[in-house]
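Here is the structure we will look at, set down as structure tokens.
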Amino acid sequence: MAVSPSNLLDQVLDYTNRANPYPIYAKMREHPIQLQDDGRYVVSSYNLVSQLIKDPRMSVDMRKSNEPTIRVEQQEPGFVFQDPPKHDWLRQQVMSKFTPQLISSLRPRLEEIVNELLDAQHGQTQMDIVDNFAYPLPVTAICELLGIPREDEAQFHIWSTMIIKGSNLGRDLEAVKEARQGRELLNNYMGQLIDRIQQQPRPGLLSAMIHDNTVEKQMNRIELVTTATLLLIAGHETTVNLITNSTLTLMRHPAEFERLRRQPAIIPNLIEEVLRYEPPVQFTMRNALTDLTIEGIQIPKGSIIMLMNAAANRDPAHFQDPDRFNPVRPAIEHFGFGGGIHYCVGAPLARLEADIALRALARRLINPRLLQDPPPYRESPTLRGPRHLLVSFERIAD
Ligand code: HEM
């Protein structure tokens, strides 16, 4: 079946649409799989995203794609960009140590961090939720969890920003170059850190992976470096958006914020609703391992296929009243953490951090108001969230 090309993906990537891409996603869903001007395919219905996210003919390994800028960029990627069997093995190395017990043991320390961040705002009547709260929490958490010195944040934040900017889908060649540089710098840093931990074990997940004598085969240095880098970036650049998007959404729905104060028990469900309604990762990229026909549309091997998680999350064929924020919506099956074999490794940690952060905000932030709506957004269309979120408030409760 023929399909006329569209440029809706370009509109999503366009920064001027960052504050509200949802009307574009609604247009995309009119043709749930569609060819773009540039030869990519965009998938946007709940039904199709849910099928393709689990389809073994979809590769995350961009070295296999037919787009040169995307292909050459990757050397030995982190396992989120690797297919089985390598993906499964590396993921298992992490999962065996990143246990539910380990994550729930972090609660007291995370509560301490959150309370310190809010204590620091005593005497103030306005704050930037991003810089003063939603960013420092996940950074501190992932550094302590992995065993990375927190004071190195100023350095690795620059490299991480370069990498994320270049994940701008291979369009902007300058950004692709910058991303490669960022990756080299971060990998170099991580390599040196790993060498130090090799000499001298320390608390944390990195040391546990490096000094694991129980496994048949140990991870080699490159595998350790790319896995550590992946965990570091994925561990904070997304959770910051979850906390900020949650706060923004609550500020836009003051009655719901008030309800949280009275009924903190709804927080876990509210977090799922934010992951559906304002997902921190808006879409993910795949390429076709073979020639495919999907819904009558032919897709040549190597073509890039964009799975638009955020569009699927608002598909009226699956969700009632999808554009309404409803923190007590029942049975929210969203794609906020992806699906299939690449389902987010850090989902339990992200949920825990958001839970602690929102409980504290609901209890301690008295009469908050948004000072700028819409707020300025970060550049990335994929890892989407405000760059700053200025709120005023009466006071910080003890
Ligand atoms: C709110 C916060 C987070 C969101 C929204 C999020 C979202 C996602 C999504 C959508 C994927 C799937 C990517 C794909 O299908 O291509 C993913 C994978 C992944 N996430 Fe997260 N993530 C979050 C937090 C974290 C944290 C805290 C960590 C680590 C501590 C983490 C580590 C990973 C890893 C390692 C993968 C790759 C899994 C695989 O390929 O098997 N994420 N995440």
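The values are calculated or read from the model by the stated rules, or taken from the named source; none is laboratory data. Model, not experiment: these values are computed from the prediction. Quick reminder, even Gly has a Cβ in these numbers, built from the backbone with ideal geometry, and neighbours come from all protein chains shown. Surface areas here come from the heavy atoms of the whole protein model, side chains and all, with no ligands, DNA or RNA. Shrake-Rupley method; radii C 1.70, N 1.55, O 1.52, S 1.80 Å.
Rounded to the nearest 5, the antiparallel percentage of DSSP beta bridges internal to the chain is 85%. Using +1 at the C-beta of Lys and Arg and -1 at the C-beta of Asp and Glu, which of T247, A228, M58 has the Cα lying farthest in the positive direction of the dipole of the chain? The Cα lying farthest towards the positive end belongs to M58.
Projecting the Cα atoms of G147, T99, I113 onto the charge dipole of the range 83-170, computed from C-beta unit charges around the Cα centre, puts T99 farthest toward the positive end.
Grab the DSSP H runs of the chain that are 4 residues or longer, score each as -39,500 (n - 2.57), total them, divide by all residues and round the 222 nm result to the nearest 500 deg cm²/dmol.
Rounded to the nearest 500, the figure is -14000 deg cm²/dmol.
Projecting label points 7 angstrom from Cα along Cα→Cβ for D212 and H388 puts them 4.3 nm apart.
For M285, the accessible surface of its heavy atoms amounts to roughly 40 Å² (probe 1.4 Å, protein chains only, rounded to the nearest 10). Length gained on full extension, I158 to D321: 54.7 nm, using 0.36 nm per residue less the C-alpha separation. Taking the chain as a Gaussian network of alpha-carbon nodes connected by springs under 10 Å, the highest mean-square fluctuation of the residues T214, T99, T69 belongs to T214.
Assuming a ≥ b ≥ c are the square roots of the Cα gyration tensor eigenvalues, decide whether the range 95-196 counts as rounded (a/c under 1.5), prolate (otherwise, with a/b larger than b/c) or oblate. Oblate shape, in that a/c is at least 1.5 and b/c is the bigger or equal ratio. Apply the a/c threshold of 1.5 to the C-alpha gyration tensor of the chain and tell me whether it is rounded, prolate or oblate. Oblate.
Provide the gained length on full extension for the span E295 to Q372, in nm with one decimal, where the gain is 0.36 nm per separating residue minus the Cα-Cα distance. Display every interim value, and only then the final one.
On the way: separation 77, 0.36 × 77 = 27.72 nm, distance 4.30 nm.
Stretched fully, the E295-Q372 segment lengthens by 23.4 nm.
Computed extension length for R109-A397: 101.7 nm, one decimal, from 0.36 nm per residue of separation with the Cα-Cα distance subtracted.
Would you work out the charge dipole size for the range 211-326 about its Cα centre, treating the Cβ of every Lys and Arg as +1 and the Cβ of every Asp and Glu as -1, and quote it to the nearest 20 debye?
Numbers: 11 positive and 14 negative charges, 40 e Å.
With Lys and Arg at +1 and Asp and Glu at -1, about 200 debye.
Checking the table K54/K177; K54/K86; K64/K165; K54/K301 against a 25 Å threshold on Cα-Cα, which pairs fail? Don't skip to the answer; put the middle values down first.
Numbers: K54/K177 31 Å; K54/K86 17 Å; K64/K165 22 Å; K54/K301 18 Å.
Those over the limit are K54/K177.
Which longest uninterrupted range of the chain lacks any GluC sites (Glu not before Pro) assigned by DSSP to a loop state (not H, G, I, E or B) and surrounded by at most 11 other Cβ atoms within 10 Å?
31-215
Measuring r between the beta carbons of A347 and S4 and using R0 = 41 Å, the FRET efficiency lands at 0.60. Restricting the chymotrypsin sites (Phe, Trp or Tyr not before Pro) of the range 331-398 to loop positions (DSSP other than H, G, I, E, B) with no more than 16 neighbouring Cβ atoms within 10 Å leaves Y343.
Computing FRET efficiency as 1/(1 + (r/R0)^6) for T125 and A265, where r is the C-beta to C-beta distance and R0 is 51 Å, gives about 0.95. In the range 74-89, whose amide N lies under 20 Å from the spot 7 Å out along Cα-to-Cβ of K177? List them in ranges. Counting only backbone N, you get 74-75.
If you put +1 on each Lys and Arg Cβ and -1 on each Asp and Glu Cβ, how big is the dipole of the chain around its Cα centre, in Debye rounded to 20?
400 debye
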